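Here's the structure we're looking at; comments come further down.
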Amino acid sequence: MANTNAAATPAQNLIRFNIRNAKYAFPTPDGGWGDFVSMGTSTKMALETDSSEKEVYGDGECIIHYVNEKGKTGTLTQNNICNAYEIACGRKILLENGLADIKPTKNTPHVVYFEICEMDGDNKISVAKCMLYGVTSTRPSESYDQNNGEINESSFDTPLKIKGIKVLAADGKVYVDEKGNNRLVWQLTKTPDMEGYADFGSTVIVPKMKAA
């Protein structure tokens, strides 16, 4: 029987490692989401919180310490440049003469999916599935080295900005808490002990609050 409370109490894990199965999906004109498309093989995903801090003073003392989290920044490092992703982002176009790098005229927020491995206290390895929301990116850097008796393979870094999307209430409308605030979701992670794990990653999942 599925543990319906698993999302509230994730299993303890000791370490996280690896990255695999990176793919992307773009919104469709009808308000839905397109299919996930593979981005090829990856070697690293680095994510950092994009935040700022503000201290407000009164009577010579700090009365408010406000942390403003604006999303995440990241870098996806891959073994090759995914031309299909670059075309979808509007940075490349296939011409009669070849594949051209062009000046982008759009930067559409989309979803990036990837998987990582976790090991728990029993030394059992499981796969955690992750989706990043409201992602925009810039063109990956390129660098090539000559061979010196062996192949010197290159890696390619794609900078990411993750702005998130608004979480929905159980009725499908945008969630608003008791003080009038929305909730932005930047990253959604599903582990094997959570309901719906098997299908997570086959289509874009829009974050939704649990029913009361």
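Taking segment 30-46 as the range and being within 14 Å of PRO159 (Cβ to Cβ) and either open to solvent by 60 Å² or more (accessible area, probe 1.4 Å) or at pLDDT below 95 (or both) as the test, only LYS44 passes.
Residues that are touching a strand residue (DSSP E or B) at 6+ places or on another chain (Cβ under 6 Å) and in contact (Cβ under 8 Å) with a residue 60 or more places away in the chain are absent from segment 170-183. Counting only strands (runs of 3 or more DSSP E) that sit wholly inside segment 63-150, those with at least 2 residues that are closer than 26 Å to THR203 by Cβ are 110-119, 125-137. Could you look through segment 1-28, keep only residues that are outside any strand (DSSP E or B), exposed (fewer than 12 other Cβ atoms within 10 Å of the Cβ) and modelled with pLDDT under 95, and pick out the one that is farthest from the chain's Cα centre (by Cα)? The residue in question is MET1. Has segment 95-114 got any residue that is touching a Pro at 6+ places or on another chain (Cβ under 8 Å) and either among the β-branched types (Val, Ile, Thr) or under 20 Å from GLY40 (Cβ atoms) (or both)? Yes, segment 95-114 has at least one match. Within the set of pairs 6 or more residues apart or between chains, which connect a residue that is under 21 Å from ASN79 (Cα atoms) inside segment 14-28 to a residue that is of a type in the set (Phe, Trp, Tyr) and open to solvent by 70 Å² or more (accessible area, probe 1.4 Å) with Cβ atoms less than 7 Å apart? Short answer, once both residue conditions are applied: ALA25/TRP33. Residues of segment 77-132 that are open to solvent by 60 Å² or more (accessible area, probe 1.4 Å) and of a type in the set (Ser, Thr, Tyr): THR105 alone. Looking across segment 156-196, the residues that are aliphatic (A, V, I, L, M), farther than 30 Å from MET119 by Cβ and outside any strand (DSSP E or B) come down to ALA169, ALA170, VAL176. Looking across segment 198-212 at every residue that is touching a residue at least 60 places away in the same chain (Cβ under 8 Å) and over 19 Å from VAL37 (Cα atoms), the one that is surrounded by the fewest Cβ atoms within 10 Å (Cβ to Cβ) is identified as LYS210.
Of everything in segment 121-159 that is among the small types (Gly, Ala, Ser) and under 17 Å from the mean Cα position of the chain (by Cα), the residue that is farthest from LYS208 (Cα to Cα) is SER137. If a residue must be within 28 Å of ASP101 (Cα to Cα), at pLDDT 95 or above and open to solvent by less than 80 Å² (accessible area, probe 1.4 Å), how many such residues does segment 141-194 contain? Of the residues in segment 141-194, 7 are within 28 Å of ASP101 (Cα to Cα), at pLDDT 95 or above and open to solvent by less than 80 Å² (accessible area, probe 1.4 Å).
The values are calculated or read from the model by the stated rules, or taken from the named source; none is laboratory data. Nothing here was measured: the structure is a model prediction, and the numbers come from that model. In this analysis, Cβ positions are derived from the backbone assuming ideal geometry, glycine residues included, and neighbour counts consider all displayed protein chains. Areas reflect the complete protein model, heavy atoms only, side chains present, ligands, DNA and RNA absent. Shrake-Rupley method; radii C 1.70, N 1.55, O 1.52, S 1.80 Å.
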